[in-house]
Amino acid sequence: MKKGELWTALAHLIRTMRGELPGDLREVLPNRTVLRAVFGDFRYLDDHDLLPSTVLDAVDE
């Protein structure tokens with residue numbers, strides 16, 4: 001599996017898991033923030049604009 005596909009899958013997983021949370025909590029702690037806090041590699045790639053657009057689309061949905 002390519003790294004971009006892995007990050008996209010993780011972004012979908014985080015979004016799905018957090019779908020059960022109340023809307024205001026999702027707004028206070030966005031998916032991108034969760035991924036950046038949990039995965040140092042994600043934070044690095046995000047900081048250096050190295051994430052594929054498919055990952056960014058999945059995070060921001």
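The values are calculated or read from the model by the stated rules, or taken from the named source; none is laboratory data. All values derive from a computational prediction rather than experimental measurement. FYI the Cβ positions are ideal-geometry reconstructions off the backbone, even for glycines, and counts take in every protein chain you see. The area values use the complete protein model at the heavy-atom level, side chains included, leaving out ligands, DNA and RNA. Shrake-Rupley method; radii C 1.70, N 1.55, O 1.52, S 1.80 Å.
Residue check, S53 against (1) without any contact (Cβ under 8 Å) to a residue 24 or more places away in the chain; (2) in contact with a helix residue (DSSP H, G or I) (Cβ under 7 Å, 6 or more places away or on another chain), all met but one. Which one?
With respect to (1) without any contact (Cβ under 8 Å) to a residue 24 or more places away in the chain; (2) in contact with a helix residue (DSSP H, G or I) (Cβ under 7 Å, 6 or more places away or on another chain), S53 is out only on (2).
With the requirement that a residue be open to solvent by 60 Å² or more (accessible area, probe 1.4 Å), among the basic types (K, R) and touching a residue at least 12 places away in the same chain (Cβ under 8 Å), what does the stretch 1-50 give you?
R15, R32
Keeping to the stretch 49-61, report how many residues are part of a loop (DSSP other than H, G, I, E, B) and under 15 Å from L13 (Cβ atoms).
Number satisfying all stated conditions: 1.
Would you check which residues across the stretch 32-48 are over 18 Å from R15 (Cβ atoms) and in a helix (DSSP H, G or I) and list them?
Matches in the stretch 32-48: G40, D41, Y44, D47.
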